[in-house]
Ligand code: BGC
């Protein structure tokens, strides 16, 4: 075997509740996605938890997941829905019985509708409301969570929700963004303190890292600026109370001076003959760049919380996973403390504002015929082998 990973290495896959459960009382519900699908029924995970747990446990020794806040808590500071708590607990217990540890994500791009009405992230109320949620998460699930991830990619959430306006709450206002950033980072500090009262499990955030680079002269300044804001400024606000830094990596992005991606400006990617998946420029080396950059800066243990490619082509997913794992292996050999890797994603799911035809899964989900049948893809078989052999 060429690439053997350290003993105890965490291998897993990752999902987010909103992308796999039918939309309940949150702002994504009803959104018309770029591919024409409506955000509502996603992949029926809430009806298939036990079947899904069986599949998940074959794809790693760990699973990164979040819960549907909008169903657990139906009003500000309201008590969690007992029945739903028990449902989630049975699912999590089943995973644990199968030897699959759990990384629990508190916030993954979704707030309940009441949260938006009672004071969104730009108001100070949000800190107390989120803290109450985290308090009850800790009360109800800390015995089952082996790792905690307070916020999933605050940088992506803030940029898309408050600057480009493509995610709820669809704002395009840097001042609102700044307020939300400050409140979220305070909420992160509080959340870490609350969780620590209940458990010794390591706590992190996941930080999305993108390689921004100038495609031409006009792109020089914007690339520097977004790199600083997205990769340093946002992170610095969250990192202090954490035990580990989660890094999620998918792509690099050229600026000309506007961002160039396959999903938004395919003609530019094609014209420049840049390798790409169905969404972005493909550049796995970028993951190594960010691992080294963040390790040198923060010296916190690193877990890859998400990595994957948007494609329907299993061979491409296998090749790219190998490529990413080689890079990870190199970083580990250099002495960087990398504890694990979660592939994004376990299942094909609802890719937020662009829709479910943009696939990331190791497991195919048939949403076209409405059956939601799960079928392991060849790339899923490949990943199972990696997990078994602790390398490839
Ligand atoms: C998010 C996922 C998303 C993935 C692919 C990450 O930024 O955390 O929810 O599906 O990227 O776009």
note = Note on residue 312: of the conditions (1) within 30 Å of residue 356 (Cα to Cα); (2) in contact with a strand residue (DSSP E or B) (Cβ under 8 Å, 6 or more places away or on another chain), unmet is (2)
key: Residues satisfying the stated conditions in the stretch 339-371, i.e. within 16 Å of the ligand (Cβ to nearest atom), farther than 18 Å from residue 54 by Cβ and in a loop (DSSP other than H, G, I, E, B)   = 350, 352, 353, 354, 356, 357, 358, 359, 360, 367
query = Within the stretch 95-108, can one find any residue that is touching a helix residue (DSSP H, G or I) at 6+ places or on another chain (Cβ under 6 Å), over 18 Å from residue 342 (Cβ atoms) and either more than 16 Å from the ligand (Cβ to nearest atom) or touching a residue at least 12 places away in the same chain (Cβ under 8 Å) (or both)?
reply = no
Test: residue 203 is away from the ligand (no atom under 16 Å from the Cβ), closer than 18 Å to residue 238 by Cα and under 19 Å from the mean Cα position of the chain (by Cα) = yes
ask   = Just one of the numbered conditions (1) in contact with a helix residue (DSSP H, G or I) (Cβ under 7 Å, 6 or more places away or on another chain); (2) outside any strand (DSSP E or B) is not true of residue 220; which one?
value = (1)
ask   = So which residues in the stretch 284-331 are crowded, with 18+ Cβ neighbours inside 10 Å, away from the ligand (no atom under 16 Å from the Cβ) and over 30 Å from residue 201 (Cα atoms), if there are any at all?
value = 318
request  = Give 50, 103, 110 a once-over and let me know the one that is buried (at least 24 other Cβ atoms within 10 Å of the Cβ) and farther than 30 Å from residue 332 by Cα.
outcome  = 110
key: Filtered residues of the stretch 17-41 (kept if within 17 Å of residue 161 (Cα to Cα) and part of a loop (DSSP other than H, G, I, E, B))   = 27, 28, 29, 30, 31, 33, 34, 39
Leading residue by the ranking (nearest to residue 254 (Cα to Cα)) among those in the stretch 264-283 that are surrounded by 18 or more Cβ atoms within 10 Å (Cβ to Cβ) and within 15 Å of the ligand (Cβ to nearest atom) = 281
inquiry  = Can you tell me which residue is nearest to residue 346 (Cα to Cα) among those in the stretch 372-392 that are without any contact (Cβ under 8 Å) to a residue 24 or more places away in the chain and assigned to a helix (DSSP H, G or I)?
reply    = 381
task = Taking residue 70 as the residue in question, decide whether it is in contact with a strand residue (DSSP E or B) (Cβ under 9 Å, 6 or more places away or on another chain), closer than 27 Å to residue 173 by Cα and in a helix (DSSP H, G or I).
result = yes
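No value in this document is a laboratory result; all are computed from the given coordinates. Everything numeric here is computed off the predicted structure, so don't read it as measured data. Methodologically, a virtual Cβ is constructed for each residue, glycine included, from the backbone with ideal geometry; neighbour enumeration extends over all protein chains shown.
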